[in-house]
Amino acid sequence: GARGRATRFAPEQREQVLGSLALGADLRRLVAGDPGAGELVLLFQPLVSLPARTVRGCEALVRWRHPERGLLSPDTFLPVAEAQGHGAAIDAWVLREACCAALAWPDPTWTVSVNLGRSSMVDPGLAGTVRAALATTGLPAARLHLEITEHDQLPADAGVLALHQLAADGVGLALDDFGTGYTSVAYLQRYPITVLKLDRSVTGPDASLALLRGLVGLADALGTTVLAEGIETDEQCARLARLGVDAGQGWLFGRPVPTDRLGDLRPQPAGAATPEG
Ligand code: C2E
Ligand code: MG
Ligand code: MG
Ligand code: MG
């Protein structure tokens with residue numbers, strides 16, 4: 001093993017580690033106070049039905065408006081937050097904010113999707129946290145979707161039970177980034193998944209047709225909705241719609257924006273997406 005061996009960092013790795021340490025201290029400050037006190041920001045990206053391209057909901061995507069470093073992407077700070085044990089606190093803030101924002105959206109049928117990190121997925125208090133967010137905001141359970149992703153180890157039973165309880169309440173459950181991991185199929189058995197979200201890496205222009213057909217067939221067999229992430233072009237959209245993909249998300253339909261910009265969303269023209277192509 002690596003025990004006792006001196007670790008040397010390349011200069012850029014050293015930068016990264018020192019950067020994470022500083023970020024860690026800032027994060028502790030952030031979570032100790034009210035995370036909503038201006039520094040955490042939520043953006044929302046539309047999810048559309050295919051082939052019509054009408055908006056069906058939005059995914060909440062968190063950003064950190066850092067006083068010195070500017071707007072930070074979740075990939076920069078969420079892993080640090082998780083390692084510090086602050087992941088669930090941030091998710092809980094996002095959950096309340098997102099439920100609250102969804103109540104003011106132009107269409108009261110749009111769903112709101114919220115991502116859960118690993119610590120939320122194993123949190124025995126998860127069902128309570130989610131039910132409290134729904135109860136205090138008044139958002140109907142059916143308008144909330146939770147998104148989970150695969151992790152190295154299968155999450156503990158408490159979290160699995162919580163997600164079954166929430167599913168029984170009517171909350172939707174999406175398996176995110178499907179097609180990137182190795183054990184996602186085990187998640188399909190373990191969780192009451194209602195939406196399969198195909199990762200950008202399997203929906204791109206070079207994606208295998210056979211693989212896509214298989215994944216759509218899998219979703220059909222399981223009775224879940226299948227949504228393709230990372231749709232950037234009309235051709236890609238048309239191809240995925242032809243294959244039977246039910247829904248899409250990507251820059252073609254809209255980038256993540258603050259909630260007050262969602263009013264600008266208009267149904268998109270059908271473009272290259274022919275019904276039953
Ligand atoms: P994700 O859940 O798979 O979210 C989709 C990511 O793809 C978002 O990145 C979005 O901006 C990006 N994206 C959407 N459409 C396109 C497209 O057409 N092309 C390309 N190239 N990218 C596109 P973002 O916002 O940087 O989020 C990254 C990841 O961070 C998310 O991946 C999610 O796993 C995680 N995340 C974001 N917000 C939260 C949160 O509140 N809690 C937790 N636990 N995780 C979060
Ligand atoms: Mg997601
Ligand atoms: Mg995703
Ligand atoms: Mg993804």
Where Lys and Arg each count +1 and Asp and Glu each count -1, what net charge lies around Leu72 among other residues with Cβ under 13 Å from its Cβ?
-> -1
With everything on Cα atoms, drop me the angle between helix 11-32 and the longest principal axis of the chain, reported from 0 to 90° to the nearest 10.
-> 90
Taking the mean number of other Cβ atoms within 10 Å as a proxy for protection, how do you rank 105-115, 64-74 from highest to lowest?
-> 105-115, 64-74
If each of Asp260 and His66 carries a label point 7 Å out from its Cα toward its Cβ, how far apart are those two points in nm?
-> 2.6
Residues other than Trp110 with Cβ under 10 Å of its Cβ, Lys/Arg counted +1 and Asp/Glu -1, net out at +1
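At 0.36 nm per residue, and after removing the present C-alpha to C-alpha distance, how many nm does the segment from Ala32 to Asp206 gain when stretched out fully?
So the extension gain works out to 58.1 nm.
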For the chain, alpha-carbon Rg and Dmax in angstrom = 19.4, 63
Surrounding charge for Thr203, neighbours by C-beta under 15 angstrom, Lys/Arg +1, Asp/Glu -1, total -4
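No lab work stands behind these numbers, since they all come straight from the coordinates. Values in this document were obtained by computation on a predicted structure and should not be read as measured data. Don't worry about glycine lacking a Cβ; one is built from the backbone with ideal geometry, like all the others, and counts go over all protein chains shown.
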